[in-house]
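Working notes, beginning with the structure itself.
The values are calculated or read from the model by the stated rules, or taken from the named source; none is laboratory data. What you see is a predicted model, and the numbers here were worked out from it, not measured in a lab. As a convention, Cβ positions derive from the backbone with ideal geometry for all residues, glycine included, and neighbour counts pool all protein chains shown. To get the accessible areas, we keep the full protein, side chains included, count just its heavy atoms, and leave off ligands, DNA and RNA. Shrake-Rupley method; radii C 1.70, N 1.55, O 1.52, S 1.80 Å.
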Amino acid sequence: MENINDTLKRFTMNSRFQQQMNDIKREVINHPDIREFLRKHQDEITTSMIEKSLMKLYEYKDQSKDCRDCPSLDSCVNMMKGFEPEIILRRDSIDLNYRPCKKKRIADERKKSRELIQSIYVPKEILQASFGDFSLESDGRLTAYEYAERFAREYELGKKMKGLYLYGKFGVGKSYLLGAIANHLAENKQISSLIVYVPEFFREMKQSLSDHSTNEKLEVVKKAPLLMLDDIGAEVMTSWTRDEILGSIMQFRMQENLPTFFSSNFDYGELQHHLTYSQRGEEEKIKAARIMERIKYLSIPIRVDGPNMRH
């Protein structure tokens, strides 16, 4: 015969367990996403299915959805970093499917592009750039900020909008502002941007002739949803890089109305002069003017002034 103390202990434990299960069930049923799923599938889901899938639904409840609780991919709070749960019906049960979150999708796109094109330029300070940290201490910086913030706020994929041509002296924040636009679009609209450091990109394109990867690399840049050409004009210009690389990119993006941004130490006139003369001293005004027409079609020129922030 069982000791009365053991009987009471077992009963108490069972009661506590049942109370815990009831609490879990109440939390699960009251979760807005789960309630909506159950409502949507009310003709297919039974009470028994909910009981059997209770721990799966509890697993869903405690994780971040749509990156709401994750400030960055590295700080992801979910069971599988970079993946978010989705409730699904699988035969006669409720189950979870894990899919890449928006931050991971963008990171994967950047990684894929970076593996193909080594000159994609995303230094640490650009990765962390934000509109909130951009100094507005001069009229030029304020104007540039207003245009950039408006673009980031209004742009949607497929919408025809001009990019910016940011020019000015070294260290005034041109590249930083490009990074702020890219980060805002990635975080708030899941739109990925390709930031390319032009001098390195042109050097890499020349080297890619030996392994026949030129066209593959060029296609990635031409078709990027949003392209940012950083420090254009700092490269050593040749007829080939101007006509076959830069000219090809500008022609495609103009035809497709793809938003394109530039940063440079040169204004439009100075950049056209730079494009006119090749490394060999050849003067080709018409070809330079043709490319400049495309750059002007794609962008709004804004002079960024102020002190050198790198100092």
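Could you order Thr47, Thr143, Thr276 by accessible surface area, starting with the largest, using a probe radius of 1.4 Å?
Highest to lowest solvent-accessible surface, that is Thr47, Thr143, Thr276.
For the stretch 70-227, the fraction of alpha-carbon pairs lying more than 18 Å apart is 66 percent, rounded to a whole number.
Indicate the gyration tensor shape class of the stretch 137-265 (rounded, prolate or oblate), computed on the Cα atoms with a ≥ b ≥ c the square roots of the eigenvalues: a/c under 1.5 is rounded; otherwise a/b larger than b/c is prolate and the rest oblate. Oblate, since a/c reaches 1.5 and b/c is not below a/b. Here the stretch 34-103 is treated as an ellipsoid with the same Cα gyration tensor; its semi-axes, largest first and in whole Å, are 26, 11, 10.
Mind putting a number on the dipole of the chain about its Cα centre? Charges go on the C-beta only, +1 for Lys and Arg and -1 for Asp and Glu, and I need it in Debye to the nearest 20. Walk me through the intermediate numbers first.
Working: 50 positive and 48 negative charges, 75 e Å.
The calculated dipole for the chain is roughly 360 debye.
For the chain, the 222 nm mean residue ellipticity estimated from helices alone, with every DSSP H stretch of n ≥ 4 adding -39500 (n - 2.57) and the total spread over all residues, rounds to -15000 deg cm²/dmol. Lys/Arg Cβ at +1, Asp/Glu Cβ at -1, dipole of the stretch 129-169 taken about the Cα centre: which of Leu164, Gly140, Ala152 is farthest positive-ward? So the residue furthest toward the plus end is Leu164. Solvent exposure of the stretch 242-311 amounts to 52 Å² per residue of accessible area, where only protein heavy atoms count and the probe is 1.4 Å.
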